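Since the structure comes first, as structure tokens, the remarks are kept for the end.
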Amino acid sequence: MEKVAEGVWLLRGDLGKSMNIYFLEDGDGVVQFDAGTKAMVKATRAAAEQLGGLKRIVLGHGHCDHRGTAPSMGVPVLCHPDEVQDAESDAAVDSYMDLPSLPLARARLAYPLLMRRWDGGAVKIDGTVEEGDEVAGFRVIHFPGHARGLIGLWRESDRLALVSDVIYLIDSVRLGKPLPEGEASVPHPAFAWDHAKAKDSVRKLAALDPAVLGAGHAGPLRGESLRATLERAAEKF
């Protein structure tokens, strides 16, 4: 595990160690933000135990590579109200995704197979969180677009933003190839519920002016110029 900031740890796993799960100190245990892939269950259990035990999981959103461990952890799972339907669905590929529109043939062929491999299946949602709610010292922010109920967590004291797939630090068109250092991108529209809203959400994130950014894949990204980086990212596609 990597310590991202005070009371925050990152576990990276699966394909190229590009799938991220965050643990947030919460009293004598931790809250898990995002749930990675099914292949990460064993490592996630070990990490949570090392940090004092897992209390609950908060999903950034319900895509297969962000819910994978959730059905296996034995704790309550929460998400945004707009994401409950998709999180509890059996489908590994969300109905609004348009994978045939990806520009590379290998990506069009690979993603349906990878998504079934990554998925841990439907998640029983035990409760919801909405914008303004508090989770382990962070404020919940709604960032719709890539998914209906995508949320991030914001801590004003150190300007730390954990944002799931609000932005990508990888090139998903090229199957997770890292972007050049210091660059970010709005997710490709092939994966989006509403691409225009996804771009607006990146701008909303930029307006927070984060100093540390923990995304759903790769990272973390640090620096005093992240606002400009995010404003450019909103125009990537």
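The residues in region 1-19 that are crowded, with 17+ Cβ neighbours inside 10 Å and without any contact (Cβ under 8 Å) to a residue 40 or more places away in the chain can be counted, and the count is 3.
Being modelled with pLDDT under 95 and either in contact with a Gly (Cβ under 7 Å, 6 or more places away or on another chain) or assigned to a strand (DSSP E or B) (or both) is the filter here; which residues of region 3-41 pass it?
Applying the first criterion (modelled with pLDDT under 95) to region 3-41 yields 14-18.
If the condition is that a residue be modelled with pLDDT under 95 and either in contact with a Gly (Cβ under 7 Å, 6 or more places away or on another chain) or assigned to a strand (DSSP E or B) (or both), then D14, L15, G16, S18 are the ones that fit.
Is it true that A110 is without any contact (Cβ under 8 Å) to a residue 24 or more places away in the chain and farther than 19 Å from H142 by Cβ? Taking the combined requirement at face value, the residue does not satisfy it. If you check A92, A136, A147, which single one turns out to be crowded, with 17+ Cβ neighbours inside 10 Å, in contact with an Asp or Glu (Cβ under 9 Å, 6 or more places away or on another chain), of a type outside the set (F, W, Y) and free of Cβ contacts under 8 Å to residues at least 40 places away in the same chain? Going through A92, A136, A147 in turn, the sole match is A92.
A122 satisfies every condition listed in (1) among the hydrophobic types (A, V, I, L, M, F, W, C); (2) in contact (Cβ under 8 Å) with a residue 40 or more places away in the chain; (3) under 22 Å from P187 (Cβ atoms) except (3).
Restricting attention to region 79-89 and to residues that are surrounded by fewer than 21 Cβ atoms within 10 Å (Cβ to Cβ) and not charged (D, E, K, R), the residue that is farthest from F191 (Cα to Cα) turns out to be P81.
Being in contact (Cβ under 8 Å) with a residue 40 or more places away in the chain and assigned to a strand (DSSP E or B) is the filter; apply it to region 57-79 and report the residue that is nearest to the chain's Cα centre (by Cα). If we take residues in region 57-79 being in contact (Cβ under 8 Å) with a residue 40 or more places away in the chain and assigned to a strand (DSSP E or B), then V58 is nearest to the chain's Cα centre (by Cα).
The values are calculated or read from the model by the stated rules, or taken from the named source; none is laboratory data. Every value quoted in this text rests on a predicted model; they were computed, and no experiment measured them. Every residue, glycine among them, receives a Cβ derived from its backbone with ideal geometry; neighbour counts consider all protein chains shown.
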